[in-house]
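Before any comments, here is the structure.
The values are calculated or read from the model by the stated rules, or taken from the named source; none is laboratory data. Just so it is clear, the structure is predicted and the values come from calculations on it, not from any experiment. Note: ideal-geometry Cβ built from the backbone for every residue, glycine included; neighbour counts use all protein chains shown. Accessible surface areas use protein heavy atoms only, side chains included; no ligands, DNA or RNA. Shrake-Rupley method; radii C 1.70, N 1.55, O 1.52, S 1.80 Å.
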Amino acid sequence: MAGHILIIEDEEKLARFIELELIYEGYTVEKATDGRTGLVLAQSKHFDLIALDLMLPGLNGFEVLRRIRQTSSVPIILLTARDDTMDKVAGLDGGANDYITKPFAIEELLARIRAVLRNTSPANENNKNERFYTVGKLRLNPHSREVWVGEAPIDLTKKEFDLLAYLIQHKGQVLSREQLLDSVWGYDYIGKTNTIDVYIRYLRVKIEEPFGEKFIQTVRGVGYIIRE
Ligand code: CA
């Protein structure tokens with residue numbers, strides 16, 4: 001079960017050693033020795049897994065992890081230099097799939113790579129995490145319930161998120177206030193249709209006004225639409 005692996009590691013001897021072992025195991029490998037180069041590679045090519053060192057020159061490993069996770073659920077194993085619990089917790093919270101502490105036996109790294117690839121293979125549910133909805137600079141992940149405008153993560157309440165998700169999942173369709181109420185709040189919701197206007201206003205304050213963007217358009221007398 002080989003695959004294409006990216007190693008982001010500034011210790012060149014270690015990176016070379018891992019590369020040779022992986023090639024021996026049948027993987028194809030690319031290497032980067034600084035964070036920025038690694039990030040560019042990760043964003044421009046398909047990899048089945050990334051081995052990411054935390055202590056990197058340029059862009060550190062946490063920042064590389066954060067930026068990769070904005071657009072991809074590619075499996076990532078962290079290579080941590082210290083036996084630092086906080087680093088591991090932060091790394092796993094940041095979306096890493098696993099970590100290994102240096103110095104490690106290469107057999108252990110290979111075993112972890114196999115395990116992570118097994119858990120994230122296409123037969124698994126995890127791949128749906130890679131589905132994002134986008135409109136211009138607006139990006140929404142319906143599974144992790146995260147939203148970004150450009151690089152900025154946006155903090156939305158549950159209803160704000162549900163409303164935005166419904167609009168973006170029906171991109172290009174004009175949606176009436178009644179339809180939005182029924183779909184987002186539910187048929188048994190007893191409220192006024194101007195609830196929608198209030199929540200659209202909340203969304204605009206969070207995702208449009210700070211960025212000078214316009215994602216949600218008002219269709220006078222009908223409702224709202226998101227379109228490219
Ligand atoms: Ca390092």
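In the chain, what % of DSSP beta bridges are antiparallel (nearest 5)? Here the share of antiparallel DSSP bridges comes out near 50 percent. Judged by the mean number of other Cβ atoms found within 10 Å, the most tightly packed of the peptides 60-69, 38-47 leads the ranking 60-69, 38-47.
Heavy atoms of the protein chains alone define the surface here; on that basis the chain has 52 Å² accessible area per residue at 1.4 Å probe size.
Pairs of Lys residues in the range 131-226, spaced 8 or more positions apart or belonging to different chains, with C-alpha separations under 22 angstrom: 16 in total.
If you roll a 1.4 angstrom probe over the protein chains with everything in place, what fraction of the accessible area of the range 56-95 belongs to carbon and sulfur, to the nearest %? Provide the component values of the computation, followed by the final result.
Details: 940 of 1700 Å².
In the range 56-95, the share of accessible area belonging to carbon and sulfur is 55 percent.
Charges were assigned to the Cβ only: +1 to each Lys and Arg, -1 to each Asp and Glu. The resulting dipole of the chain about its Cα centre is roughly 980 debye. Taking packing as the residue-averaged number of other Cβ atoms within 10 angstrom, the listed peptides 196-208, 105-117 run from highest to lowest as 196-208, 105-117.
The range 133-190 and the range 23-49 have Cα centres lying 34 Å from one another.
Considering only Cα atoms, the convex hull volume of the chain works out to 142 Å³ per residue.
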